[in-house]
Amino acid sequence: MPESDYPSSVPVGVDTTRASIARVYDAFLHGKDNFAVDREVLARVQAVAPQATDLAWANRDFLIRVCRFLVRNAGIDQFLDLGSGLPTAENTHQVVQRVNPDARVAYVDNDPMVLAHGRALLAENSKATISTCDIFQPLEVLKSASVLEHLDFSRPVALLQVGTLHHYLGDDSAEIMQTYIDALPSGSFVAISHFFDPKDPQEPELSELAEKMEDKFIHSPMGSGRFRTREEIQAMFGDLEMIEPGLVLCDDWWQDGPRMSMLSAVRHCIVGGVGRKP
């Protein structure tokens, strides 16, 4: 039995009978902060896509590369990381503070386990904080006292919605993002990654795979995981100026070095991009 299955190791308020988005991602990344119900989601998706964990790894690698770009190339020193998830290797604050020790990071999540682990990790880091809000209620986040105390919205901010919006099942995700974008000052950046249904008549098998994975995600104990089309995902950026190469496969967004092997079919089912507010 993994350590996390022992009741004494479970933070107060954590429901171990229901899958958590953060803990499911942890299971996909081969972490230890998850329970049987979370691993059940992984098993169900792997039944139709054996390489399903590639979704999480492509997403994580995208986040790391984007953070390096924003702090090093774009000079951003304030980050609002929405739906930050459980701490793992190379968290946002670790990536950006390695380049700029003064970079400030505000994490936002409402998972009790994420909050417990995050607060412990950040206890001695005055430049990073974690707040309790529903990331799909932008006004709640934007009015959060802890967010406003930590970040200066009179200067550019990088807003990260990495691996989050596909867990919002409504059809107004673009409107949610527009509320966030409207609140950002000029010179800010928005990064989004999202499960992707290619809808490519030349490669119908990829769309079939996306549909099968979506079905398993949504009908699992987690209950979310939409694979949207390119048009639906692009709409979430509003009128932002897209940074080259635009909205592409996560693995194709400024990859580290030459590709030495072909991407798995699963890695064709998650895209990401970065936009800048003029």
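The values are calculated or read from the model by the stated rules, or taken from the named source; none is laboratory data. Everything quoted here is computed from the prediction, not taken from an experiment. Please note: Cβ atoms are built from the backbone with ideal geometry, for glycine as well, and neighbour counts cover all protein chains shown.
One table, with the values for the structure above:
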quantity: Among the residues listed as GLN97, GLN137, the single one being closer than 15 Å to ASP81 by Cα and free of Cβ contacts under 8 Å to residues at least 12 places away in the same chain; calculated: GLN137
quantity: Residue within region 78-88 that is touching a helix residue (DSSP H, G or I) at 6+ places or on another chain (Cβ under 6 Å), over 29 Å from GLU149 (Cα atoms), modelled with pLDDT of 90 or more and not hydroxyl-bearing (Ser, Thr, Tyr) present; calculated: no
quantity: Residue check for VAL48: at pLDDT 95 or above, over 19 Å from the mean Cα position of the chain (by Cα) and under 21 Å from ASP215 (Cβ atoms); calculated: yes
quantity: Qualifying residue in region 219-233 (condition: in a helix (DSSP H, G or I) and either at pLDDT below 95 or buried (at least 20 other Cβ atoms within 10 Å of the Cβ) (or both)); calculated: yes
quantity: Test: residue in region 141-153 that is within 30 Å of ALA49 (Cα to Cα) and either under 16 Å from the mean Cα position of the chain (by Cα) or of a type outside the set (Asp, Glu) (or both); calculated: no
quantity: Test: residue in region 143-156 that is modelled with pLDDT of 95 or more and closer than 19 Å to PHE62 by Cβ; calculated: no
quantity: Filter result for PHE62 (modelled with pLDDT under 95, closer than 17 Å to GLY85 by Cβ and not aliphatic (A, V, I, L, M)); calculated: no
quantity: Every pair of residues 6+ apart whose Cβ atoms lie under 8 Å, when the first sits in region 234-252 and is surrounded by 15 or more Cβ atoms within 10 Å (Cβ to Cβ) while the second is charged (D, E, K, R) and part of a helix (DSSP H, G or I); calculated: LEU247/ARG230; LEU249/ARG267; CYS250/ASP61; CYS250/ARG267; ASP251/ASP61; ASP251/ARG267
quantity: Pick from region 64-82, criterion closer than 29 Å to GLU211 by Cβ and touching a strand residue (DSSP E or B) at 6+ places or on another chain (Cβ under 6 Å), ranking: surrounded by the most Cβ atoms within 10 Å (Cβ to Cβ); calculated: VAL66
quantity: Selected residue [out of contact with any Ser or Thr (no Cβ under 6 Å at 6 or more places or on another chain), within 23 Å of ARG18 (Cβ to Cβ) and either surrounded by fewer than 18 Cβ atoms within 10 Å (Cβ to Cβ) or among the acidic types (Asp, Glu) (or both)] from ASP109, ASP61, ASP134; calculated: ASP134
quantity: Qualifying residue in region 253-260 (condition: closer than 25 Å to PRO185 by Cα and not polar (S, T, N, Q)); calculated: yes
quantity: Test: residue in region 164-175 that is in contact (Cβ under 8 Å) with a residue 40 or more places away in the chain, of a type outside the set (Gly, Ala, Ser), outside any loop (DSSP other than H, G, I, E, B) and over 25 Å from CYS250 (Cα atoms); calculated: no
quantity: Qualifying residue in region 266-278 (condition: surrounded by 15 or more Cβ atoms within 10 Å (Cβ to Cβ), assigned to a loop (DSSP other than H, G, I, E, B) and not basic (Lys, Arg)); calculated: no
